[in-house]
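Written out below as structure tokens is the structure these notes cover.
Here, each number is a calculation from the coordinates, and none is a lab measurement. Note that this is a predicted model, so its numbers are computed, not measured. Here the Cβ positions follow ideal geometry from the backbone for every residue, glycine too, while neighbour counts run over all protein chains shown.
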Amino acid sequence: GSLMFGTITVVGGGGNPGTLQFSTNSTSAAENGGNKTITVTRTGGDDGPVSVAYETVNGSATFPTDYIQTNNVLNWADNDDNNKTFQVPIVNDSIEEPSQSFTIRLSNPGGGATLGTNQVITVTINDDDVSCSPCVADANTLCLAGGPGDPNRFRVRVPWPDFAGASG
């Protein structure tokens with residue numbers, strides 16, 4: 001006679017350690033929002049313990065004035081495909097500035113895991129400081145183009161004393 005072998009269906013990880021990546025390749029944070037939570041996913045397998053390192057990298061936003069430098073390692077246990085999160089503290093200043101961004105990169109996947117396409121995430125910090133009122137030039141006000149306000153102007157005000165000690 002002949003022997004018939006059935007098909008074995010493996011449910012879950014399927015013997016693969018999986019792919020680690022950010023849940024998205026870009027996100028935004030309010031300057032006054034406190035900590036920004038970042039999510040890293042493990043997909044395509046959950047076989048064995050795996051890990052990945054993360055590290056913030058300066059862009060137009062820099063530490064320590066715009067965010068707090070953050071680096072560490074995330075760990076998953078065998079059969080664990082839950083999302084892992086970490087937080088990056090966002091620094092709230094009173095400077096009126098355009099939106100600024102920094103990146104966070106994943107590296108050193110451990111346990112046989114691979115990095116997915118979202119190995120880098122861009123975090124844009126949206127400024128919360130009130131724009132100044134539009135600059136209106138007059139006999140006492142000089143408006144210069146190119147500032148961070150809305151509209152894009154610098155207001156220049158200079159107190160001055162004259163020879164008699166009066167000021168304006």
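Using each residue's phi in segment 23-30, evaluate 6.51 cos²θ - 1.76 cosθ + 1.60 at θ = phi - 60° and report the 3J(HN,Hα) Karplus result to the nearest Hz, with x for Gly and Pro.
Couplings: 5, 8, 9, 7, 7, 10, 9, 6 Hz.
Give the Debye-formula value of log10 I(q)/I(0) at each listed q (0.29, 0.30, 0.34 Å⁻¹), with one equal scatterer per alpha carbon of segment 42-85, two decimals each.
-0.99, -1.03, -1.19
Just to confirm my numbers, what's the Cα centroid distance between segment 52-71 and segment 15-30 in Å?
17
Label-point separation (nm) for THR124 and GLU97, each offset 7 Å from Cα along Cα-to-Cβ?
1.7
How do 76-84, 108-116 rank on mean C-beta neighbours within 10 Å, highest first? Please list the in-between numbers first.
Numbers: 76-84: 14.3, 108-116: 16.7.
Those peptides, ordered most packed to least, come out 108-116, 76-84.
Where does segment 91-133 land on Rg/Rh, using Cα atoms and the Kirkwood Rh? Walk me through the numbers before you get to the answer.
Numbers: Rg = 16.6 Å, Rh = 13.2 Å.
With Rh from the inverse mean 1/r over Cα pairs, Rg/Rh is 1.26.
How much FRET efficiency would the formula 1/(1 + (r/R0)^6) give for ALA53 and ALA145, where r is the Cβ-Cβ distance and R0 is 41 Å, rounded to 0.05? Don't skip to the answer; put the middle values down first.
Numbers: r = 44 Å, r/R0 = 1.08.
The value I calculate is 0.40.
By how many nm would the segment from ASN16 to ASP138 lengthen if fully extended, with 0.36 nm per residue of separation less the alpha-carbon distance?
36.9 nm
Segment 13-86: Rg/Rh from Cα coordinates, Kirkwood Rh? Before the final figure, lay out each step's value.
Values: Rg = 14.5 Å, Rh = 13.7 Å.
Rounded to two decimals, Rg over Rh is 1.05.
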